[in-house]
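S.K.: Please see the structure below; I have some questions.
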Amino acid sequence: MSPSPPESPASGPAPGPTPASGPAPATGPRPEPGPATGPEPAPAPIRLLIVDDDPLVRAGLRLMLGGGSSGIEIVAEASDGAEVAALVDRHRPDVVLMDIRMPTVDGLAATEQLRRREDAPEVVILTTFNADEHVLRALRAGAAGFVLKDTPPAELVAAVRRVAAGEPVLSPVVTAQLIEHVAGSGRDGRRVRAGALLDRLNDREREVAIAVGQGRSNAEISAALFMSVATVKAHVSRILTKLDLNNRVQIALLAHDAGLLD
């Protein structure tokens, strides 16, 4: 018997390697890593100018306010109101802490001059009295508030910070006390003038002006009048523009003069 022929190999191509499962690797360039994130930079310190004719008072204020943790930088000092304008031009302070009684140019005149500037810094009156016609005059001129010379250091730092943030350092109770202190025969004239000014406002602006006079914050006004905080800020800005006022303290004084807070 002849031998059987060898079996022929299976037809078709030889099997190749088994492909790996999963998506094909990307062939493009890898993205650059983003910048490393670190802690946010600290806010710039509040630039403060101290104005007082007593060198011991200035030294005490410098000691209380100039610490590294206060967030306040004392950029200059002055011993008289006559020096203020030049120092403001040179150092561009955010806040001026201003004594009232000084020999050549007092703090009242210096405040009035400063607040007429377009780039006026905020002014805080430094005084020994909390019910004084000079303080009221300074507030009417555009000062953002006042602090007593015996104010504790922490409260003084807080007052400077609030004023730098655009908030007054004066409660409605103190405003009323000041006005009552100097009421006299001029009250009727002030009421007529204040009423005429407030008549320039629309109804919504008038409601906001009264709320400011009541010492309410923007958030409190927002909740009471059912409007957003941004809308409250816009109303306050329009009131200041319409009535040619400097700040919220002047709005509060005007509302009080008009008898809207009685």
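S.K.: In the range 64-107, how many residues are closer than 19 Å to residue 139 by Cβ and more than 23 Å from the chain's Cα centre (by Cα)?
M.R.: 6
S.K.: Applying the selection to the range 64-85, what residues are outside any helix (DSSP H, G or I) and crowded, with 18+ Cβ neighbours inside 10 Å? So that I can check it myself, show each step before the final result.
M.R.: First, the residues of the range 64-85 that are outside any helix (DSSP H, G or I): 66-67, 71-80.
Answer for the range 64-85, where residues must be outside any helix (DSSP H, G or I) and crowded, with 18+ Cβ neighbours inside 10 Å: 72, 74, 75, 76, 77, 78.
S.K.: Just give me the residues in the range 86-115 being crowded, with 19+ Cβ neighbours inside 10 Å, at pLDDT below 95 and of a type in the set (Val, Ile, Thr), in sequence order.
M.R.: 100, 111
S.K.: Which of the residues belonging to the range 217-262 are over 19 Å from residue 135 (Cβ atoms), small (Gly, Ala, Ser) and in a helix (DSSP H, G or I)?
M.R.: 219, 222, 223, 224, 230, 234, 237
S.K.: Something else about it: If you check residue 70 against the conditions, is it within 19 Å of residue 108 (Cβ to Cβ) and of a type in the set (S, T, N, Q)? Show your work before the answer.
M.R.: Numbers: within 19 Å of residue 108 (Cβ to Cβ): no; of a type in the set (S, T, N, Q): yes.
The answer is no for residue 70.
S.K.: Quick check: is even one residue across the range 76-95 charged (D, E, K, R) and closer than 19 Å to residue 144 by Cα?
M.R.: Taking the range 76-95 first, the residues charged (D, E, K, R) are 77, 80, 83, 89-90, 92, 94.
Checking which are closer than 19 Å to residue 144 by Cα leaves us with 92, 94.
Yes, some residue in the range 76-95 is charged (D, E, K, R) and closer than 19 Å to residue 144 by Cα.
S.K.: Within the range 100-130, track down each residue that is touching a Leu at 6+ places or on another chain (Cβ under 9 Å) and either part of a strand (DSSP E or B) or in contact (Cβ under 8 Å) with a residue 60 or more places away in the chain (or both).
M.R.: Of everything in the range 100-130, those that are touching a Leu at 6+ places or on another chain (Cβ under 9 Å) and either part of a strand (DSSP E or B) or in contact (Cβ under 8 Å) with a residue 60 or more places away in the chain (or both) turn out to be 120, 121, 123, 124, 125, 126, 127.
S.K.: Also, quick follow-up: Restricting to helices (runs of 4 or more DSSP H) lying wholly in the range 167-216: which have 1 or more residues that are at pLDDT 85 or above and over 21 Å from the mean Cα position of the chain (by Cα)?
M.R.: Numbers: elements: 172-181, 187-198, 203-213.
Those helices (runs of 4 or more DSSP H) span 187-198, 203-213.
The values are calculated or read from the model by the stated rules, or taken from the named source; none is laboratory data. All figures in this text were calculated on a predicted structure; none of them were measured in a lab. Methodologically, a virtual Cβ is constructed for each residue, glycine included, from the backbone with ideal geometry; neighbour enumeration extends over all protein chains shown.
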